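Undergrad: One structure, pasted below without further comment.
The values are calculated or read from the model by the stated rules, or taken from the named source; none is laboratory data. This one's a predicted model, so the numbers in the text were calculated from it and none came from an experiment. We place every Cβ from the backbone using ideal geometry, glycine too, and count neighbours over all the protein chains shown.
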Amino acid sequence: MFGRNKKSVETADAAAIDSAPPAASDKDNKPAKYTPPKGRPTPSRKEREAARKNPLVPADRKAAKEAQRAAEREFRAKQQQALQTGDERYLPVNDRGPQRRYIRDYVDARFNVGDFMLIVILVIFIIGLIVPATQHLTALLMWAMLLLWILDYFIMWRKLKKKLTEKFTTLEPRSGLYAFNRTMMIRRFRLPKPQVERGNYPS
(Lines give C-alpha, C1' and ligand atoms only; values in the text may rest on other atoms or scores of the structure.)
Protein backbone atom coordinates (compact mmCIF):
# COMPACT_ATOMS: atom_id res chain seq x y z
CA MET A 1 0.00 0.00 0.00
CA PHE A 2 2.80 2.39 0.89
CA GLY A 3 4.60 1.62 -2.38
CA ARG A 4 1.55 2.45 -4.44
CA ASN A 5 1.02 5.74 -2.64
CA LYS A 6 4.65 6.80 -3.20
CA LYS A 7 4.46 6.00 -6.90
CA SER A 8 1.19 7.89 -7.26
CA VAL A 9 2.68 10.93 -5.57
CA GLU A 10 5.73 10.91 -7.85
CA THR A 11 3.48 10.56 -10.93
CA ALA A 12 1.33 13.51 -9.78
CA ASP A 13 4.39 15.70 -9.15
CA ALA A 14 5.78 14.97 -12.61
CA ALA A 15 2.45 15.80 -14.24
CA ALA A 16 2.31 19.09 -12.33
CA ILE A 17 5.80 20.04 -13.48
CA ASP A 18 4.98 19.27 -17.11
CA SER A 19 1.81 21.33 -17.03
CA ALA A 20 3.44 24.35 -15.38
CA PRO A 21 4.32 27.31 -17.73
CA PRO A 22 8.03 27.63 -18.62
CA ALA A 23 10.02 30.01 -16.46
CA ALA A 24 11.05 33.25 -18.09
CA SER A 25 14.75 33.33 -18.96
CA ASP A 26 17.09 36.22 -18.23
CA LYS A 27 17.02 37.07 -21.89
CA ASP A 28 13.22 37.39 -21.84
CA ASN A 29 13.36 39.66 -18.77
CA LYS A 30 15.50 42.25 -20.57
CA PRO A 31 13.56 45.25 -21.90
CA ALA A 32 13.11 45.42 -25.65
CA LYS A 33 15.54 47.77 -27.38
CA TYR A 34 14.06 50.77 -29.24
CA THR A 35 15.90 52.29 -32.15
CA PRO A 36 14.72 55.82 -32.88
CA PRO A 37 14.22 56.79 -36.51
CA LYS A 38 17.18 58.40 -38.23
CA GLY A 39 15.15 61.06 -39.91
CA ARG A 40 16.56 60.09 -43.28
CA PRO A 41 16.63 56.95 -45.43
CA THR A 42 19.47 54.51 -44.91
CA PRO A 43 22.08 54.98 -47.65
CA SER A 44 22.27 52.19 -50.15
CA ARG A 45 25.38 50.08 -50.57
CA LYS A 46 26.21 51.84 -53.80
CA GLU A 47 26.01 55.26 -52.12
CA ARG A 48 28.24 54.11 -49.24
CA GLU A 49 30.86 52.77 -51.63
CA ALA A 50 30.82 56.00 -53.65
CA ALA A 51 31.30 58.04 -50.45
CA ARG A 52 34.32 55.95 -49.48
CA LYS A 53 35.87 56.46 -52.90
CA ASN A 54 35.77 60.30 -52.67
CA PRO A 55 39.28 61.37 -51.63
CA LEU A 56 39.81 63.88 -48.81
CA VAL A 57 42.67 65.44 -50.75
CA PRO A 58 42.11 66.41 -54.41
CA ALA A 59 43.82 64.08 -56.83
CA ASP A 60 45.24 67.03 -58.79
CA ARG A 61 46.46 69.51 -56.19
CA LYS A 62 47.94 71.83 -58.79
CA ALA A 63 44.61 72.16 -60.59
CA ALA A 64 42.79 72.70 -57.26
CA LYS A 65 45.19 75.50 -56.25
CA GLU A 66 44.85 77.13 -59.64
CA ALA A 67 41.06 77.03 -59.38
CA GLN A 68 41.24 78.58 -55.91
CA ARG A 69 43.55 81.34 -57.14
CA ALA A 70 41.22 82.05 -60.04
CA ALA A 71 38.27 82.35 -57.65
CA GLU A 72 40.26 84.72 -55.42
CA ARG A 73 41.27 86.87 -58.40
CA GLU A 74 37.65 87.06 -59.52
CA PHE A 75 36.52 88.09 -56.04
CA ARG A 76 39.21 90.79 -55.78
CA ALA A 77 38.20 92.15 -59.18
CA LYS A 78 34.55 92.32 -58.06
CA GLN A 79 35.60 94.01 -54.82
CA GLN A 80 37.63 96.64 -56.66
CA GLN A 81 34.67 97.28 -58.94
CA ALA A 82 32.39 97.57 -55.90
CA LEU A 83 34.70 100.20 -54.38
CA GLN A 84 34.08 102.29 -57.48
CA THR A 85 30.33 101.68 -57.80
CA GLY A 86 29.29 101.13 -54.17
CA ASP A 87 27.87 97.63 -54.82
CA GLU A 88 27.09 96.35 -51.30
CA ARG A 89 27.50 92.68 -52.25
CA TYR A 90 31.27 92.86 -52.73
CA LEU A 91 32.32 95.74 -50.49
CA PRO A 92 34.71 95.02 -47.60
CA VAL A 93 32.90 94.08 -44.39
CA ASN A 94 33.77 97.39 -42.73
CA ASP A 95 32.02 99.34 -45.52
CA ARG A 96 28.80 97.32 -45.75
CA GLY A 97 25.39 98.27 -44.47
CA PRO A 98 22.98 101.21 -44.74
CA GLN A 99 24.53 103.02 -41.76
CA ARG A 100 28.01 102.98 -43.27
CA ARG A 101 26.55 104.16 -46.57
CA TYR A 102 24.79 107.03 -44.80
CA ILE A 103 28.06 108.13 -43.13
CA ARG A 104 29.91 108.08 -46.44
CA ASP A 105 27.23 110.05 -48.24
CA TYR A 106 27.02 112.64 -45.47
CA VAL A 107 30.79 113.18 -45.36
CA ASP A 108 31.06 113.27 -49.16
CA ALA A 109 28.24 115.81 -49.48
CA ARG A 110 30.02 118.20 -47.12
CA PHE A 111 32.93 120.60 -47.62
CA ASN A 112 35.46 119.34 -45.08
CA VAL A 113 38.74 120.86 -43.96
CA GLY A 114 40.25 117.44 -44.51
CA ASP A 115 39.48 117.71 -48.24
CA PHE A 116 42.45 120.00 -48.72
CA MET A 117 44.32 119.81 -45.39
CA LEU A 118 47.01 117.36 -46.53
CA ILE A 119 47.78 119.49 -49.58
CA VAL A 120 48.04 122.69 -47.52
CA ILE A 121 50.30 121.04 -44.92
CA LEU A 122 52.54 119.65 -47.68
CA VAL A 123 52.88 123.11 -49.27
CA ILE A 124 53.66 124.70 -45.88
CA PHE A 125 56.29 122.04 -45.20
CA ILE A 126 58.00 122.59 -48.57
CA ILE A 127 58.05 126.36 -48.01
CA GLY A 128 59.72 125.79 -44.64
CA LEU A 129 62.43 123.70 -46.31
CA ILE A 130 63.06 126.20 -49.10
CA VAL A 131 63.00 129.27 -46.84
CA PRO A 132 64.53 128.28 -43.49
CA ALA A 133 63.74 131.68 -42.00
CA THR A 134 60.01 130.88 -42.17
CA GLN A 135 60.23 127.52 -40.37
CA HIS A 136 58.84 128.93 -37.13
CA LEU A 137 55.90 130.48 -38.97
CA THR A 138 55.26 127.37 -41.07
CA ALA A 139 55.25 125.20 -37.94
CA LEU A 140 52.59 127.43 -36.38
CA LEU A 141 50.55 127.26 -39.57
CA MET A 142 50.72 123.46 -39.60
CA TRP A 143 49.50 123.26 -36.01
CA ALA A 144 46.74 125.72 -36.80
CA MET A 145 45.60 123.56 -39.71
CA LEU A 146 45.55 120.46 -37.53
CA LEU A 147 43.47 122.17 -34.86
CA LEU A 148 41.10 123.55 -37.48
CA TRP A 149 40.70 120.10 -38.97
CA ILE A 150 39.93 118.50 -35.58
CA LEU A 151 37.42 121.24 -34.74
CA ASP A 152 35.74 120.81 -38.12
CA TYR A 153 35.46 117.07 -37.55
CA PHE A 154 33.82 117.44 -34.13
CA ILE A 155 31.27 119.90 -35.53
CA MET A 156 30.50 117.52 -38.38
CA TRP A 157 30.30 114.41 -36.15
CA ARG A 158 27.96 116.10 -33.69
CA LYS A 159 25.42 116.75 -36.44
CA LEU A 160 25.97 113.38 -38.11
CA LYS A 161 25.62 111.44 -34.86
CA LYS A 162 22.27 113.08 -34.19
CA LYS A 163 21.01 112.16 -37.66
CA LEU A 164 22.25 108.57 -37.34
CA THR A 165 20.50 108.16 -33.98
CA GLU A 166 17.24 109.50 -35.38
CA LYS A 167 17.37 107.28 -38.45
CA PHE A 168 18.89 104.04 -37.11
CA THR A 169 18.16 104.34 -33.34
CA THR A 170 21.53 102.81 -32.38
CA LEU A 171 25.03 103.47 -33.67
CA GLU A 172 27.19 100.71 -35.07
CA PRO A 173 30.56 100.21 -33.34
CA ARG A 174 33.36 102.55 -34.46
CA SER A 175 31.04 104.77 -36.48
CA GLY A 176 32.87 107.88 -35.26
CA LEU A 177 36.24 106.47 -36.31
CA TYR A 178 34.80 105.49 -39.69
CA ALA A 179 33.64 109.07 -40.28
CA PHE A 180 36.96 110.43 -38.97
CA ASN A 181 39.03 108.35 -41.39
CA ARG A 182 36.88 109.46 -44.32
CA THR A 183 37.10 113.16 -43.48
CA MET A 184 40.90 113.06 -43.33
CA MET A 185 41.18 111.69 -46.86
CA ILE A 186 41.09 113.86 -49.99
CA ARG A 187 37.72 113.38 -51.66
CA ARG A 188 38.98 112.01 -54.96
CA PHE A 189 41.09 109.36 -53.20
CA ARG A 190 38.33 108.05 -50.92
CA LEU A 191 37.27 104.42 -51.14
CA PRO A 192 34.52 103.44 -51.61
CA LYS A 193 34.31 106.21 -54.19
CA PRO A 194 31.84 109.05 -53.36
CA GLN A 195 28.41 108.39 -54.87
CA VAL A 196 26.85 111.83 -54.17
CA GLU A 197 27.59 115.37 -55.25
CA ARG A 198 28.56 118.07 -52.79
CA GLY A 199 25.53 119.52 -51.04
CA ASN A 200 23.41 116.42 -51.77
CA TYR A 201 22.99 115.22 -48.17
CA PRO A 202 21.24 111.88 -47.49
CA SER A 203 17.73 112.08 -46.08
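Undergrad: Checking L148 against (1) within 34 Å of the chain's Cα centre (by Cα); (2) surrounded by fewer than 18 Cβ atoms within 10 Å (Cβ to Cβ); (3) farther than 25 Å from Q80 by Cα, which single condition isn't satisfied?
TA: (1)
Undergrad: State the number of residues belonging to the stretch 177-190 that are surrounded by 11 or more Cβ atoms within 10 Å (Cβ to Cβ) and over 15 Å from G97 (Cα atoms).
TA: Result for the stretch 177-190: 9.
Undergrad: Same structure, new question: Please enumerate the residues belonging to the stretch 172-192 that are free of Cβ contacts under 8 Å to residues at least 40 places away in the same chain and either part of a helix (DSSP H, G or I) or touching a strand residue (DSSP E or B) at 6+ places or on another chain (Cβ under 9 Å) (or both).
TA: G176, L177, F180, N181, R188, F189
Condition check ((1) at pLDDT below 70; (2) more than 30 Å from L148 (Cα to Cα); (3) surrounded by 12 or more Cβ atoms within 10 Å (Cβ to Cβ); (4) small (G, A, S)) across all residues:
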site	(1), (2), (3), (4)
K27	yes, yes, no, no
P37	yes, yes, no, no
A51	yes, yes, no, yes
P55	yes, yes, no, no
A64	no, yes, yes, yes
G97	no, yes, yes, yes
Y102	no, no, yes, no
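Undergrad: Can you name every one of the helices (runs of 4 or more DSSP H) wholly within the stretch 62-171 that holds 3 or more residues which are in contact with a Gly (Cβ under 9 Å, 6 or more places away or on another chain) and not aliphatic (A, V, I, L, M)?
TA: Of the helices (runs of 4 or more DSSP H) lying wholly inside the stretch 62-171, those with at least 3 residues that are in contact with a Gly (Cβ under 9 Å, 6 or more places away or on another chain) and not aliphatic (A, V, I, L, M) span 135-168.
Undergrad: For the list (1) surrounded by fewer than 16 Cβ atoms within 10 Å (Cβ to Cβ); (2) more than 30 Å from L141 (Cα to Cα), I need the number of the one condition that F116 fails.
TA: (2)
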